[in-house]
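The block underneath contains the structure these notes are about, expressed in structure tokens.
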Amino acid sequence: MRAIIVEDDFAIALEYEMLLKKMKIDLIGTFKTGSDCLNAIKVNKPDFIILDLQLKGNESGIKLASKIQYLFIPFIIITGFPQKQTMLEANELNAVAYLTKPVNLLTLEFEINKIAQNAEKSNSRKHSILVKERGTFINVPHNNISFIEVEGNYATIHTNQKRYVLKKSLTKIWSTIDQNNFMKVHRGFIVNKEFIEKVKFGTKELLLNNGQSVSIGKNYFKELRDYLSSLNNI
């Protein structure tokens with residue numbers, strides 16, 4: 001993970017820096033004013049920001065937070081002068097925590113760990129499909145999926161061991177998976193490229209390396225052939 005610190009007190013900033021180092025979090029930079037760090041935030045897009053409310057030159061951390069709100073970067077608000085109004089403003093800007101000085105470093109570490117856990121869950125969701133089985137929601141990782149069979153508004157997720165059915169159209173499924181790892185081979189089939197074994201052009205059949213097979217639509221032959229040719233040229 002990568003972070004930015006916005007704090008104009010050198011000693012306090014140093015404490016935060018040492019904590020990040022201990023947690024093995026990369027520090028992009030420490031800044032004393034919001035205007036100094038604004039460009040660094042936009043360019044580097046840190047995973048989170050530790051943000052003091054009262055900055056040098058009467059700058060407000062809340063103003064900085066409002067300027068970067070559209071980037072959806074989690075930030076931890078820290079202040080030596082807690083006020084109800086600033087707490088409300090921080091909540092409206094989706095601050096993940098509101099801490100008062102002197103900051104307990106164990107509390108700060110706890111809040112940073114929560115950000116890391118949420119980021120990990122979010123990343124997991126980006127690389128998996130959420131299905132419901134017997135009343136329980138399960139994330140099926142993309143790399144476990146051999147192919148997806150779609151008929152109408154229902155999709156069947158095929159893995160080596162199981163099948164999962166969910167109510168989703170081909171368009172919705174295609175928009176949520178990593179298209180670098182999957183390809184359409186039929187209007188009703190999406191295949192994980194890692195599972196492709198060989199093509200039977202005579203029977204218009206795609207054999208997978210786990211023994212499964214899917215039909216190839218005639219409109220998808222060229223894309224499939226081009227993909228297989230690119231592998232041979234690597």
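With the simple model of a label 7 Å out from the Cα in the direction of the Cβ, residue 229 to residue 172 spans 3.7 nm.
Which percent of the Cα-Cα distances in the range 128-232 go past 24 Å? Tail of P(r) above 24 Å: 19 percent of Cα pairs. Approximating the spin labels as points 7 Å out from Cα along Cα→Cβ, the residue 36-to-residue 222 distance works out to 5.7 nm.
Ranked by the mean number of other Cβ atoms within 10 Å of their residues, highest first, the peptides 99-110, 149-160 come out as 149-160, 99-110. Please say if the range 2-125 is rounded, prolate or oblate, where rounded means a/c under 1.5 for a ≥ b ≥ c the square roots of the C-alpha gyration tensor eigenvalues, and otherwise the choice is prolate for a/b larger than b/c and oblate otherwise? Rounded shape, in that the Cα axes give a/c under 1.5. Take residue 70, project a point 7 Å from its Cα along the Cβ direction, then tell me which residues of the range 1-23 have their backbone nitrogen under 20 Å from it. None, by backbone N distance to the label point. Database remark: amide H of residue 48 closer than 5 angstrom to the amide H of 2, 4 (H placed geometrically; neighbours at sequence offset of 5 or more, or on other chains; Pro and chain starts carry no H). Note that the range 224-229 has calculated 3J(HN,Hα) couplings of 5, 5, 5, 5, 5, 5 Hz, one per residue in order, obtained from phi through the Karplus relation 6.51 cos²θ - 1.76 cosθ + 1.60 (θ = phi - 60°); glycine and proline are x.
Each label was represented as a point 7 Å from its Cα along the Cα-to-Cβ direction; for residue 44 and residue 193 these points are 3.3 nm apart. For Rg/Rh (Cα atoms, Kirkwood Rh), pick the label among [x] 0.99; [y] 1.16; [z] 1.11 that corresponds to the value derived from the coordinates. Entry [y]. For the range 177-227, the Cβ-based charge dipole about the Cα centre amounts to some 280 debye (Lys, Arg positive; Asp, Glu negative; other atoms uncharged). Each residue of the range 193-203 was assigned a 3J(HN,Hα) from its phi angle through the Karplus curve 6.51 cos²θ - 1.76 cosθ + 1.60 (θ = phi - 60°); the sequence is 4, 5, 9, 5, 9, 7, 10, 9, 5, x, 9 Hz, with glycine and proline shown as x. Considering helices alone, the calculated mean residue ellipticity of the chain at 222 nm is -10500 deg cm²/dmol, with DSSP H runs of length four and up weighted by -39500 (n - 2.57) and normalised per residue.
For residue 8, enumerate residues with amide H under 5 Å from its amide H, sequence gap 5+ or separate chain, H modeled in the peptide plane. Amide H neighbours of residue 8: 56.
Values in this text are rule-based calculations from the coordinates and carry no lab data. Note that the structure is a prediction, hence the values are computed from the model and not measured. No Cβ is skipped: glycine too gets one built from the backbone with ideal geometry, and neighbour counts run over all protein chains shown.
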